[in-house]
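What follows is a single structure, written as structure tokens, with notes after it.
What follows is calculated from the coordinates using simple rules that are stated; it is not laboratory data. Please read all numbers here as calculations on a predicted model, not as lab measurements. Glycine gets a Cβ as well: all are built from the backbone with ideal geometry, and neighbour counts include every protein chain shown.
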Amino acid sequence: MGGGIWGAWEAGGVLGIAGATFLQGTGNHHLETFVGATLLKDTYYTYDAQLFPAGFIGYRYQTPAKGGLFRAGIGWPKTVSLSLGLSL
């Protein structure tokens with residue numbers, strides 16, 4: 001689950017996202033998929049809330065032990081993503 005603020009031209013508002021992430025693969029290399037829903041609330045014009053599907057497919061490099069993490073993929077509503085991180 002997550003949340004944030006969105007903006008598009010002269011509109012904007014808050015969003016919430018919920019779903020499930022699935023990892024496939026062994027060792028350091030994984031296929032990552034996400035399926036869920038995004039709730040967008042317009043706080044600029046109408047104050048309406050709309051529910052949209054959310055999804056992601058990408059590649060994840062992560063060592064089984066503690067260490068670095070790299071992700072790259074494409075999805076909706078976030079389009080192209082590239083992530084670097086640290087797994088604990």
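Among the residues of segment 45-85, which ones are over 16 Å from Phe34 (Cα atoms), hydroxyl-bearing (Ser, Thr, Tyr) and without any contact (Cβ under 8 Å) to a residue 12 or more places away in the chain?
Answer for segment 45-85, where residues must be over 16 Å from Phe34 (Cα atoms), hydroxyl-bearing (Ser, Thr, Tyr) and without any contact (Cβ under 8 Å) to a residue 12 or more places away in the chain: Thr46, Tyr47.
May I ask you to list the residues in segment 51-75 that are under 26 Å from Gly13 (Cβ atoms) and either surrounded by 12 or more Cβ atoms within 10 Å (Cβ to Cβ) or touching a Cys at 6+ places or on another chain (Cβ under 6 Å) (or both)?
Phe52, Ala54, Gly55, Phe56, Gly73, Ile74, Gly75
Please tell me if Ala37 is among the small types (Gly, Ala, Ser), free of Cβ contacts under 8 Å to residues at least 40 places away in the same chain and not in a strand (DSSP E or B).
Answer is no for this residue.
Mind checking which residues of segment 14-34 are surrounded by fewer than 11 Cβ atoms within 10 Å (Cβ to Cβ), of a type outside the set (Gly, Ala, Ser) and outside any strand (DSSP E or B)?
Residue satisfying the conditions is Thr26 alone.
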